[in-house]
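J.: Please read through the structure below; I'll follow up with questions.
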Amino acid sequence: AKGNGKSGWRRYQSDLHTAMVQRLEMRTALHEAIEEEQFVLQYQPIVELADQRITGVEALVRWQHPSRGLLGPFFFVEAAEESGAIVGIGSWVLREALRQFARWRAENPETTLRYVSVNVSARQFRTADFADQVRRALTDTGARAQWLLLEITESLVLRDAEKVLADLEELRAMGVRIAIDDFGTGYSSLSYLRQMPVDVVKLDKSFIDDILTSRQQHALVDAIVTLSHNLDLAVVAEGIEEVGQRAALDAMGCRYGQGYHFAKPLWPADIPELTVAVEEP
Ligand code: C2E
Ligand code: CA
Ligand code: CA
Ligand code: CA
């Protein structure tokens, strides 16, 4: 037993060592990736449920890893949050998304695209001059504040309320809109949201998944949509995969949706052809 304990301890130490080395390697790799511009963005359409017209796109980051190929956020966002690399990545994402969006607007004045949605991590939002960073990014890219929707999470709003509130107010005064992402997965309630300077609620996929199979879930989503509208918040339903879900949400009066049913995240080159206003036959 003693021998076992000892080898168990050794194994523990070596696991710990491996984890530390891996963390360090990841940290270095992420910083290199920023410098070598290995991050790329895909864009997922956000549509009007009534006619499926694309009104916005959400920018989603990927890592074009030199040996491991294209990696989704699952493989690196958490590590980037922990190491702080997310601040640099996020700042790149913001600028790149605005630059791309300004180009789409310039190349296609008839576009139905009204905004680009950008995810902001709590760590990035808490940097001292976040609102200024956004202002500079808008100026440098020639994008209008009205084209930008920033997606933040409930937990950010709940912690550090004062500084966060001041920044949100400043951003909204500039004309930038704010969305609460993954709504329903945290602890905030709609009555709390009423006091927050936000414009859009993104209903988490986990809420949408069961609306066709559970009457309770259907009723809950219905109530959230109604309440949000009464609070002057627009609602985007996330993770719509089936036509039935789209129909149910549309019937509830939910105006916007996003999900594989409409489109997966796409490369920038595939967006313009989807967003040209088409004449009805
Ligand atoms: P999110 O912000 O909730 O983004 C939506 C995620 O759901 C995306 O995954 C999208 O591809 C996926 N999705 C969309 N529709 C469907 C659907 O119908 N079914 C299913 N199963 N999934 C759907 P992705 O691109 O892997 O991103 C995962 C998460 O990584 C994002 O969740 C977001 O929290 C984070 N993330 C992505 N880009 C950024 C970024 O630039 N900055 C930060 N801080 N986080 C990011
Ligand atoms: Ca999001
Ligand atoms: Ca989300
Ligand atoms: Ca999510």
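J.: Would it be correct to say that T275 is at pLDDT below 90, polar (S, T, N, Q) and more than 16 Å from ligand 2 (Cβ to nearest atom)?
T.: Against the criterion (at pLDDT below 90, polar (S, T, N, Q) and more than 16 Å from ligand 2 (Cβ to nearest atom)), T275 qualifies.
J.: I've got another one for you. Using the structure shown, decide if N119 is in contact (Cβ under 8 Å) with a residue 40 or more places away in the chain and either closer than 25 Å to A33 by Cα or within 16 Å of ligand 3 (Cβ to nearest atom) (or both).
T.: Working: in contact (Cβ under 8 Å) with a residue 40 or more places away in the chain: yes; either closer than 25 Å to A33 by Cα or within 16 Å of ligand 3 (Cβ to nearest atom) (or both): yes.
Yes, satisfied.
J.: Another question, then. Cβ-Cβ under 7 Å, sequence separation 6+ or interchain: first residue in segment 170-183 and without any contact (Cβ under 8 Å) to a residue 24 or more places away in the chain and at positive phi, partner of a type outside the set (S, T, N, Q) and within 12 Å of ligand 4 (Cβ to nearest atom). Which pairs?
T.: none
J.: If K205 satisfies every condition in (1) touching a residue at least 40 places away in the same chain (Cβ under 8 Å); (2) surrounded by 19 or more Cβ atoms within 10 Å (Cβ to Cβ); (3) under 18 Å from L249 (Cα atoms) but one, which is the exception?
T.: That leaves (2) as the condition not met.
J.: Related question: So which residues in segment 58-80 are within 16 Å of ligand 4 (Cβ to nearest atom), out of contact with any Ser or Thr (no Cβ under 9 Å at 6 or more places or on another chain) and assigned to a helix (DSSP H, G or I), if there are any at all?
T.: Answer for segment 58-80, where residues must be within 16 Å of ligand 4 (Cβ to nearest atom), out of contact with any Ser or Thr (no Cβ under 9 Å at 6 or more places or on another chain) and assigned to a helix (DSSP H, G or I): P73, F74, F75, E78.
One line per residue, one yes/no per condition, for (1) modelled with pLDDT of 95 or more; (2) part of a helix (DSSP H, G or I):
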position	(1), (2)
A166	no, yes
G186	no, no
V198	no, no
I211	yes, no
I224	no, yes
V236	yes, no
E241	yes, no
G244	yes, yes
L249	yes, yes
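J.: Please work out which residue is farthest from P45 (Cα to Cα), limiting yourself to segment 193-238 and to residues that are touching an Asp or Glu at 6+ places or on another chain (Cβ under 7 Å) and within 16 Å of ligand 3 (Cβ to nearest atom).
T.: L233
Yes/no matrix, rows are residues, columns are (1) surrounded by 11 or more Cβ atoms within 10 Å (Cβ to Cβ); (2) within 22 Å of L113 (Cα to Cα); (3) in contact with a helix residue (DSSP H, G or I) (Cβ under 8 Å, 6 or more places away or on another chain):
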{"position": "L41", "(1), (2), (3)": "yes, yes, yes"}
{"position": "G56", "(1), (2), (3)": "yes, yes, no"}
{"position": "S67", "(1), (2), (3)": "no, no, no"}
{"position": "L71", "(1), (2), (3)": "yes, no, no"}
{"position": "I89", "(1), (2), (3)": "yes, no, yes"}
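The values are calculated or read from the model by the stated rules, or taken from the named source; none is laboratory data. Note that the coordinates shown come from a computational prediction; the quantities given were computed from them, not determined experimentally. Using ideal geometry, Cβ is built from the backbone for each residue, glycine included, and neighbour counts are taken over all protein chains shown.
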